[in-house]
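Supplied in structure tokens, the structure appears directly below.
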Amino acid sequence: MINVLFVCLGNICRSPMAEAVLREKIRQAGLEGEVAVDSAGTGDWHLGKPPHAGTQELLQRHGIGWDGMTARQFREADYGDYDYIVCMDTRNRADIAQWLPSGEPPDRPAVLTFMELLPERGVPDVPDPYYTGNFDEVYEMVEAGCDRLLERIKAERHIAQR
């Protein structure tokens, strides 16, 4: 099983949106038993809460479920539990460094920022719709980036689409 973790600030907007979108893409590709997805936040303000109403509305509009998703905080054990840790912005990536077990990244996870999947966009970060209110812009980035991430996982892990 290949495990993917999306990380944002509060785990109610960007990372749960990416989690739900990638889960749907995995389902459509018939890869449920091979790739699993979760999300977490660097902060603890929204622990146990469902995705933001704006994220829920957008996912519903696209026919993507979010049932059972609740905010949790990133933890040190995530470095050993996930193969890919995808941070929604450069600040999130810097913040998770505080949870590094030994101060050095372990061999297992590939830690990257989401926009590394979309280098042609020329922007380092996925904007936070909690502050901008632009959930549609974020969804468009997430949709495109999740396509790229799934292709990368399939290529790196030699997974054939069913």
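Under the rule of -39500 (n - 2.57) per DSSP H run of 4 or more residues, summed and divided by the residues of the chain, what mean residue ellipticity at 222 nm is obtained, to the nearest 500 deg cm²/dmol?
Rounded to the nearest 500, it is -11500 deg cm²/dmol.
By how many nm would the segment from Asp136 to Arg91 lengthen if fully extended, with 0.36 nm per residue of separation less the alpha-carbon distance?
Using 0.36 nm per residue and subtracting the Cα-Cα distance, I get 14.0 nm.
Compute the orientation-averaged projected area for the chain from the convex hull of its Cα atoms and round it to one decimal in nm².
For the Cα atoms of the chain, the hull's average projected area reads 9.0 nm².
Please calculate how many Å² of accessible area the chain carries per residue, with a 1.4 Å probe and no DNA, RNA or ligand atoms counted.
47 Å²
Which one of Val142, Met88, Met69 is farthest out on the positive end of the charge dipole of the chain, using unit charges on Cβ (Lys, Arg +1; Asp, Glu -1) and the Cα centre as origin?
Met69
May I ask you to list, by number, the DSSP H helices of the chain whose Cα span along the axis is at least 20 Å and whose average Kyte-Doolittle hydropathy reaches 0.5 or more?
none
Cβ neighbours within 10 Å, averaged per peptide: list 60-69, 142-151 in order, most packed at the top.
The packing order, highest mean first, is 142-151, 60-69.
The values are calculated or read from the model by the stated rules, or taken from the named source; none is laboratory data. On a predicted model such as this, the values are computed, not experimentally measured, just so you know. Neighbour counts run over all protein chains shown; Cβ positions are idealised from the backbone, glycine included. Just so you know, the surface numbers come from the protein's heavy atoms only, side chains and all, with ligands and any DNA or RNA stripped out. Shrake-Rupley method; radii C 1.70, N 1.55, O 1.52, S 1.80 Å.
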